[in-house]
Amino acid sequence: MKAWTEWEVSRRQVAIGGRVLDENGRPAAEGVTVTAIPTEGRQEGAKRTRVGHLAKVDAIYYFLDLSPGSYIVRAIHERTEDVGERTVSVSSSEEGRVRMAVADLKLSKAARGG
């Protein structure tokens, strides 16, 4: 086992980030959940769905350390059930650094299912 002085620092990388806006273009962070669902292997998607980190003040969200691939990023407001959704691709450089994908999401009643 390594001594604590030999531990390597693991740097987190933002893979997907953006803002969640209401229908009027204002930040809509309060009561919003943002998820990223891989498009490949969607049968297993429930196990691999990730919940993003959402800043309550400015409605900025981000996902850390996602594997390269395509994701459906979905924001849902828990009270109004308004939805915003985009498909986003995550890639990495030859050095293994993640190239951050930016995906702003606009909540809409029209996007709701049902």
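Only the coordinates and a few stated rules stand behind these numbers; no lab work does. Please read all numbers here as calculations on a predicted model, not as lab measurements. Cβ coordinates were reconstructed from backbone atoms using ideal geometry, including for glycine residues, and neighbour counts include every protein chain displayed.
Couplings 3J(HN,Hα) of the range 98-109, computed from phi: 6, 8, 5, 9, 9, 9, 6, 10, 10, 6, 8, 5 Hz, in residue order, whole Hz [Karplus 6.51 cos²θ - 1.76 cosθ + 1.60, θ = phi - 60°; x for Gly and Pro]. Compute for the range 11-106: radius of gyration divided by Kirkwood radius, i.e. Rg/Rh, restricted to C-alpha atoms, rounded to two decimals. Computed over Cα atoms, the ratio is 0.98. Our coupling estimate for the range 49-59, obtained by passing each phi through the Karplus curve with A = 6.51, B = -1.76, C = 1.60 and θ = phi - 60°, is 5, 10, 9, x, 8, 10, 7, 5, 7, 10, 6 Hz, Gly and Pro reported as x. Counting neighbouring beta carbons within 10 Å and listing from fewest to most, the residues 57, 90 come out as 57, 90. Given R0 = 25 Å, the distance between the Cβ atoms of residue 12 and residue 87 translates into a calculated FRET efficiency of 0.60.
In order along the range 86-93, the Karplus-derived 3J(HN,Hα) couplings, from 6.51 cos²θ - 1.76 cosθ + 1.60 at θ = phi - 60°, round to 8, 9, 10, 9, 9, 9, 9, 7 Hz, and Gly and Pro are given as x.
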